[in-house]
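Every number here is computed from the coordinates shown, using simple stated rules; none is lab data. None of these values were measured; they are calculated from a predicted model. For neighbour counting, all protein chains shown are included, and Cβ atoms are generated from backbone atoms with ideal geometry for every residue, glycine included.
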Amino acid sequence: MLGLNIFSKGKMRLYSVLIGIIFGYLISVLFGLFNGASIEKVSETSFFAIPLIHGFGWKFDPLLMIPFVIATLSSTLKTVGDITTAQKINDANWKRVEMKSVSGGILADGIGGLLPGLIGGFGQSTSSANIGLSIATGATSRVIAWSAGVY
């Protein structure tokens, strides 16, 4: 998906996300992670239901290592791009990437994914759309970020 998005043009680039999703499903079928039994299980459930909270525990499935490593690398690359864009917004004389803030941003992004994962929550990541909104509004102050984060 990433290769199609970067190196292709036209329709292939436009549909790179859809192609990536289809390719991901095919790989999951090959590894036995997605099969007829799982589709049957989903189709048998009701549309609305109250969730059942039962046994908590840790489970490690080595088959999921490869997809998680790929997802983590993709998220890290996106974070580097987002931080670089934020640097360009905040510095009119921007010449090159300031690696200290990039490494700090990657560390914060990693912690934002690790800590919620340890307690069963959803990881947080940078948002390219919000950086675009910052460009449009000119609102890039750290005070805004801290206020939104505390809220």
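Candidate membrane-span-like segments in the chain, meaning DSSP H helices with Cα atoms spread over at least 15 Å of their own axis and a Kyte-Doolittle mean of 0.5 or above, are 16-30, 65-90, 99-118, with no membrane implied.
When the alpha carbon coordinates of the chain are projected onto the principal axes, the ranges are 58, 41, 31 Å, largest first. Measuring nothing but how far apart in sequence close Cα pairs (under 8 Å, 6+ apart) lie, relative to its length, the chain scores a relative contact order of 14 percent. Ordering of 106-112, 64-70 by packing is 106-112, 64-70, highest average first (other Cβ atoms within 10 Å, averaged per residue).
One chain, two ends: Ser74 and Trp94. Fully extended at 0.36 nm per residue, the span grows by 4.7 nm beyond their Cα-Cα distance. The phi-based Karplus calculation (6.51 cos²θ - 1.76 cosθ + 1.60; θ = phi - 60°) puts the 3J(HN,Hα) values of the stretch 4-15 at 5, 5, 7, 9, 9, 10, x, 5, 4, 5, 4, 9 Hz, whole numbers, x for Gly and Pro. For the chain, the dipole from Cβ point charges (+1 on Lys and Arg, -1 on Asp and Glu) about the Cα centre works out to 540 debye, to the nearest 20. Helical content alone sets the calculated 222 nm signal of the chain at -20500 deg cm²/dmol, taking -39,500 (n - 2.57) per DSSP H segment of four or more residues and averaging over every residue.
The residue list Val29, Thr126, Asn90 was ranked by how far each Cα lies along the charge dipole of the chain toward its positive end, using unit charges on Cβ atoms, and Asn90 comes out on top.
Against the empirical curve 2.2 N^0.38 Å, the C-alpha radius of gyration of the stretch 1-76 lands at a ratio of 1.47. Exposure proxy ranking for Glu98, Glu40, based on other Cβ atoms within 10 angstrom of each Cβ and starting from the fewest, stands as Glu40, Glu98.
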